[in-house]
Amino acid sequence: MKRKNWISFKDLTKTDKKFRIANLVIMLVLFASCVSMAFYYGFVYDPNNRIVPAICISILSLVPIFFEMIFGRRLNNCLFLIVEIYLIFAGLIGGVLNVYYLVGWYDIIIHILMGYLMAVLGIFVFGKLANYSKGNILLIAIFCVCFSLTIEVLWEIFEWLADNLLNQTMQGEKIDGFGQPLVFDTMLDLVCNTVGAIVFFIQYIIGKHTKFSFGIKFLEKNLDSRQNLYICKEKEMFKESSANDEDKKEDKKNISQS
């Protein structure tokens, strides 16, 4: 079955092709690493109950591919990379390899990184919901911060569910007499995420109002190039559809004349 909005690999630019291959390699390495660790924890040694994170991260690493299969649309290369980078540092290194508990400040760095990356992701989400080129700069920056904070809240809910349903310690060790960890960990995560989002907010405002882009033009170029590819694809499909309609009309005309 032909996917309506699918852009074939040969139609991508050389840069997009290289970007795509790099993303796939990163995804496969992440997936293989998590699966290997899951087998190790399952059959050799797992003192900290790390097999659950290993299985979850291995599945999440394939989310970009699942997205493309379900919606029949190529995921933006930047979005693909953002997902894989976060899963590597937060999921594989932090969770599967248990660095969160070996290095006390690692969780702080990861949540600042998450806040920043989710704010970057907000640009692409805004581009899907509205006309980015006509959007107000301050409004877009605020949207990115709000989007980042929303993702963080959902992540904290996920941590709470994982701790209570899967017997994990994502929110910290349970306190005797309470049966739950203190709220300090959750609040610290929210603050760190906000810091990361604000960093991107400042970067975006400076990048749009000064001669120093700080990577904003690259993000916009990537966003625009993907939109142009889909616009061209839709035009081609419209032309094909129109040509098919003309052929059908011509066939009917010939049949009626005969």
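Quick notes
- Taking amide H as placed 1.01 Å from N in the peptide plane, the amide H of S213 sits under 5 Å from none that are at least 5 places away or on another chain.
- Cut-off 15 Å between beta-carbons: net charge of the residues surrounding F214, Lys and Arg +1, Asp and Glu -1: +3
- Footprinting exposure proxy for R50, R74 (fewest neighbouring C-beta atoms within 10 Å first): R50, R74
- Checking the Cα-Cα distances for K14/K221; K134/K217; K14/K134; K18/K221; K17/K221; K134/K208 against a 19 Å cut-off, the pairs over it are K14/K134.
- In plain terms, the residue of F71, F31, F80 with the fewest other Cβ atoms within 10 Å comes first and the most crowded comes last, giving F71, F31, F80.
- Residue order, fewest to most beta carbons within 10 Å, for D107, D11: D11, D107
- For region 66-74, 3J(HN,Hα) computed residue by residue from phi via the Karplus equation (6.51, -1.76, 1.60; θ = phi - 60°) reads 4, 4, 5, 5, 6, 9, x, 9, 5 Hz, glycine and proline entered as x.
Each value in this text was obtained by applying a stated rule to the coordinates, not by laboratory testing. Here the structure is a predicted model, which means the values were calculated and not measured. Glycine gets a Cβ as well: all are built from the backbone with ideal geometry, and neighbour counts include every protein chain shown.
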